[in-house]
1. For a test of the definition: using alpha carbon positions, the gyration tensor, and the 1.5 limit on a/c, classify the stretch 151-197 as rounded, prolate or oblate.
2. Just add up the charged neighbours of residue 279: K/R +1, D/E -1, any other residue whose Cβ is under 14 Å from the Cβ of residue 279.
3. Using the 10 angstrom Cβ neighbour count as an exposure proxy, how do 49, 184, 252 rank, fewest first?
4. For the stretch 218-278, state the average projected area of the convex hull of the C-alpha atoms over all orientations, rounded to one decimal in nm².
5. Could you order peptides 39-48, 266-275 by the average number of other Cβ atoms within 10 Å of their residues, highest first?
6. If neighbour count is taken as other Cβ atoms inside 10 Å, put 112, 104 in order from fewest to most.
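Rule-based calculations on the coordinates, nothing more; no lab input. Remember, it's a predicted structure, so these values are computed and weren't measured experimentally. Don't worry about glycine lacking a Cβ; one is built from the backbone with ideal geometry, like all the others, and counts go over all protein chains shown.
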Amino acid sequence: MSVNPGRFASRKLDRTLSARSLYGAELRYYRERAGLSLVELAAKLHIEMSFLARIEQGERRLPDELTSAVDQLLDTGDFFERNIEAARSAPPPGRLSPLAEWEWLATAIREWDAALVPGLLQTDAYARAVAEAYAPVLADRTVRHRWEARLSRTPVLLDPLGPRYSAVVGETALRRPLGGPAVMAGQLRHLADLVRRQRIALNVLPLTATPHPTATDGALRLMTFAEELPLGHFTAHQTGAPLSEPATTSLMQLTHDLLAGAALPPEASLRLIETTAAAYEREDGRACGRDAEGAQDAEGQREVEPARGR
């Protein structure tokens, strides 16, 4: 969604609002600027006042057929007509965290993670392994909720009109066997597939590299927009908060650029990912072989014992 940063800066809107909530806030802003009540605008649009109220609250999307009428009635400069696609793609409130909903509106997303594969790139099995590893004392329902929340964000990378995505990942993320060799092999093959399909740009920071001092631990995400100011997020110990101060997001941009410069080039990163995946596959094959041998030995033992009894 295109947003006038000057107007939003003066209104001090909460940058953690969901995308649909922000869209609804825009409608309310233009309606009040025009001096119209909910009842008056609803009458002009020939819709129920309660439905219009739910649009302003972010619970419903403005129907496509009404965008042109709203733009004309409220003199928005074609704001709603220009942002039809953004409104369509924005998930309903509650489906994602507010920060994740902004991913659908970003023009570019940059990420760094020192120890894990970033959430947008995770497979189902890896995401569950992460949730279980970092929350061993939580109820299974809570683990499942976190796992599903991560997976619900993945489609943004598959959208042809989605944001450009680039990430720098620490080699530790490739080497840490979360979920076991089969899960890791699947995760790394997934990364390689995304790179080869040119859905993402991915660089691996080798263990021998010296990372930027502000990014030795944790993870950062920086989202940029067509007209809105950048929005960042830094996570440490599985907690974090949105960051929107220009000085902070500029530092995050610099940090990501420095990490990308210190990381392996794209081709070398892809080779490392694929060779590590192959190593996990060999390890998984050996483990499967040992399991099969153990099962055969157990079966043989069961056959011998009855014979001894006779």
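1. Details: a/c = 2.18, a/b = 1.83, b/c = 1.19.
In terms of gyration-tensor shape, prolate.
2. Cβ neighbours under 14 Å give a net charge of +1.
3. If I rank by nearby Cβ atoms, fewest first, I get 49, 252, 184.
4. Over every viewing direction, the Cα hull of the stretch 218-278 projects on average to 5.7 nm².
5. Going from most to least packed, we get 266-275, 39-48.
6. By the 10 Å Cβ count, ascending, the order reads 104, 112.
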